[in-house]
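Okay, so here's the structure we're looking at.
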Amino acid sequence: MNAKPSATAPATPPQPAPRPVRIAATLILLRDGASGMEVLLLRRADKADDQNSGASVFPGGVVDTHDRSLHLMCKGLDDAGASRRLGVAEGGLDYYAAAVRECFEEAGVLFACDAEDRVVELDRLPASRLEAMRHAAEQGTDALLAMCDAQGWRLAVDRLAYFSHWLTPPGMPRRFDTRFFIAEMPAGQGVKPDGRETVEHMWLKPADAVHPDRGLKLMNVTRRTLEQLAAFESTASCMAHARGLAGIVLNMPRLADGPAGRRAVNIDEPAYQEIGRLDPHGNGHARYALEAGLAMQLSARVRRVTGSAGASLSEPGSNSYFIGGESGPWALIAPLPHGALPNELLRKTAPGEVQWLLSTAPRTEAADKALESLRSSWPGAVALWPAPGESLDLGGATLVALPAPGGISAPALQFLLPEESTLFTGAADPTAVHAGNEVEWIAPASGFLLRHGA
């Protein structure tokens, strides 16, 4: 097996100047088609300076500081209620108003009601008058406010349901903190892209929109949202689901590298927590795949070498860990058997001389022989099966042997590195490990680093 290049996570990663995070709102329009629920997508105009050029998106944009002036025109929801729904101290209604405004500007669809609480049917207006109204509204929030006031309209923000909350990953050129809303397409209105920001529109079933054969350029957040929407057969069921949601979680993907190049890693992927620990600023040096033979520097004290990878890039593999300090010897914690990782590769990827050979596997005669076999690379090393409570001083790093959790045949061990609150375990389900408040991170014999209790 050829060794893969080491991936290094600096002990103190460089901290780039923080990029400003802009507040934004997006409105997802839904309707029921002949074969199920459909969603509106707009294609963004091709622009050289736009990271989303040509992408298919939902209507939306940045919350304007003047959107607060639209509060008086909003129907069925006040700022206190909107803020409670979004979990902010104040200004929640700004997001609803911005979503309605952006939808009108980009798609020509306006959520508004007349004095008799009927949804405005814009298609009844002469085309020239509608175009003039839309052009006026695009000049700014004050113009939209004046237009609604002149028509006796109020913005029907109560027809919007809060659906999700996304934050652009650190490391991206532009970052947005975006609230996503859903709403049923109002009757008596047609979609009309503005021709500048958006140049085309389509109504598609969510599952069709994400299908590779469709060939749409989709941002990560758009694709993930469409995948969520694909679970609903009708607009009514989707709206009911959104209105019943409580405690909507912030989704912030993280950038990482891997065999398919750099990409966004989502909160529910196995590598997500590890990426956050190794690369909180989005420099891109963390990895989303466990690749056979890859040596990954997890900290100044810990280097992981993956033996056999899992069946897919995100599935558990077989990890060995080198543990050491600045001034002392190193210990190797190896799973037994240690996958397809040859002793020669372990020797080449070792950060220093190894003095102790350890394992989290249950001790058997076969395990004894397997651990002893590693001494071919370090003849002076000692294959050790310490008793629970014993510790090794590695010159700036300490390993404390602890009994394995239930479900692993005794006398298996796990090892605590107190300097980093990290527990090395062979548990089949590391998330079920209970090792006290001193453990913050879990380093499993298979899989990525996990935040304990997360």
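The values are calculated or read from the model by the stated rules, or taken from the named source; none is laboratory data. Everything numeric in this text was worked out from a predicted model, so none of it was measured. Methodologically, a virtual Cβ is constructed for each residue, glycine included, from the backbone with ideal geometry; neighbour enumeration extends over all protein chains shown. Surface accessibility is based on the protein's heavy atoms, side chains included, excluding ligands, DNA and RNA. Shrake-Rupley method; radii C 1.70, N 1.55, O 1.52, S 1.80 Å.
Annotations for the structure displayed:
- In a DSSP loop and with at most 12 other Cβ atoms within 10 Å, the GluC sites (Glu not before Pro) in region 98-196 are Glu116, Glu121.
- DSSP bridge orientation in the chain - percent antiparallel, rounded to nearest 5: 65 percent
- Each label was represented as a point 7 Å from its Cα along the Cα-to-Cβ direction; for Trp203 and Asp50 these points are 2.4 nm apart.
- The helix-based estimate of mean residue ellipticity at 222 nm for the chain, built from -39,500 (n - 2.57) per DSSP H run of four or more residues and divided by its residue count, is -6000 deg cm²/dmol to the nearest 500.
- Taking the inverse of the mean reciprocal distance over all distinct Cα pairs, the Kirkwood hydrodynamic radius of the chain comes to 25.1 Å.
- Here each label is just a point 7 Å from Cα along the line to Cβ, and for Ala136 and Ser35 those points are 4.3 nm apart.
- Within the chain, longest stretch free of exposed trypsin sites (Lys or Arg not before Pro) [DSSP loop, at most 14 other beta carbons within 10 Å]: 263-454
- Kirkwood Rh, angstrom, region 349-430 [1 / mean 1/r, Cα pairs]: 13.5 Å
- q = 0.11 Å⁻¹, region 66-133: log10 I(q)/I(0) [Debye, one scatterer per Cα]: -0.31
- 16 Å Cα-Cα reach of Lys348 towards lysines, excluding residues that sit fewer than 8 places from it in its own chain: Lys4
- Computed over protein heavy atoms with a 1.4 Å probe, the accessible surface of the chain works out to 44 Å² per residue.
- Compared with the dominant Cα axis of the chain, that is its longest principal axis, helix 141-151 is turned about 40°.
- Under 28 Å from Lys205, Cα to Cα: lysines that are on another chain or at least 8 residues apart: Lys47, Lys192, Lys217
- Portion, in percent, of the accessible area of region 44-101 that falls on carbon or sulfur, probe 1.4 Å: 50 percent
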